[in-house]
Amino acid sequence: MLTLTLVRHAKAEALADKDCNRTLADKGRQDARHLGGLFPKAIKQPDIILVSDARRTTQTHELMVENGLSCAEVLFDNALYHAGADAILTLLQARHEQHIMIIGHNPAMAILLNRLVPEEQVQPSMMHFPTGSLAQINFACQNFADIAFDGSGKLVSFLRGSDI
């Protein structure tokens, strides 16, 4: 069984010299800490974490690690900053790990969630994939090369850092 954990970066400040340099707001830092605290108690640790190299996503990752998230392999990738859901799916399909975490941005995180799981599993509150949220999806197949936008994933959990 494969597991995909999607994390949308925590709440960021509204302004910066460039969008990619926006830092986390106080609420975002608190939510990222709460998400990190879920590991390894409620959620198993991933085999690899793919992180957009925007400042708000790297800070989300750092705070999650400080509070319980652990992973030996972390890849910071500029391509994830502007990547759409199709590009991220292609990236996933090339991976060989059993549990992949992505810390990224909307609209890609929302589109991935909404296209990987059955429509009836997605509640209205999840459709936008709010900042500081985490979705965990399981797949019955053995390789990420076999996943597709066919609703075959099973949503195991959807958590917001502010609700923890």
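For the range 44-62, how many residues meet the condition of being in a loop (DSSP other than H, G, I, E, B) and acidic (Asp, Glu)?
To start, the set of residues in the range 44-62 that are in a loop (DSSP other than H, G, I, E, B) comprises 44-47, 53-54.
If we keep only those that are acidic (Asp, Glu) too, we end up with 47, 53.
The qualifying residues number 2.
Beta carbons closer than 7 Å, at least 6 apart along the sequence or on distinct chains, never pair a first residue in the range 76-89 that is farther than 25 Å from GLU62 by Cβ with a second that is loosely packed, with under 13 Cβ neighbours inside 10 Å and not aliphatic (A, V, I, L, M).
Kindly establish whether LYS41 is closer than 23 Å to SER157 by Cα and in a helix (DSSP H, G or I). If you could, list the steps in order and put the result at the bottom.
On the way: closer than 23 Å to SER157 by Cα: yes; in a helix (DSSP H, G or I): no.
No, not satisfied.
Let's see how each residue does on (1) on the phi > 0 side of the Ramachandran plot; (2) out of contact with any Leu (no Cβ under 9 Å at 6 or more places or on another chain); (3) charged (D, E, K, R):
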{"position": "GLU13", "(1), (2), (3)": "no, no, yes"}
{"position": "ARG29", "(1), (2), (3)": "no, no, yes"}
{"position": "LYS41", "(1), (2), (3)": "no, yes, yes"}
{"position": "LEU50", "(1), (2), (3)": "no, no, no"}
{"position": "VAL74", "(1), (2), (3)": "no, no, no"}
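Just so you know, in the range 1-21 the residues that are charged (D, E, K, R) and buried (at least 21 other Cβ atoms within 10 Å of the Cβ) include one that is farthest from PHE144 (Cα to Cα), and it is LYS11.
What number goes with the only condition from (1) under 30 Å from ASP150 (Cβ atoms); (2) among the β-branched types (Val, Ile, Thr); (3) more than 14 Å from the chain's Cα centre (by Cα) that ILE48 does not pass? Of the numbered conditions (1) under 30 Å from ASP150 (Cβ atoms); (2) among the β-branched types (Val, Ile, Thr); (3) more than 14 Å from the chain's Cα centre (by Cα), the odd one out for ILE48 is (3).
One residue alone among ASP31, ASP53 is buried (at least 24 other Cβ atoms within 10 Å of the Cβ), out of contact with any His (no Cβ under 9 Å at 6 or more places or on another chain) and over 15 Å from ILE100 (Cβ atoms), and that residue is ASP31.
Here, each number is a calculation from the coordinates, and none is a lab measurement. It should be emphasised that the depicted structure is a prediction, and the values quoted were computed from it without experimental measurement. Note that we place each Cβ from the backbone using ideal geometry, even for glycine, and neighbour counts take in every protein chain shown.
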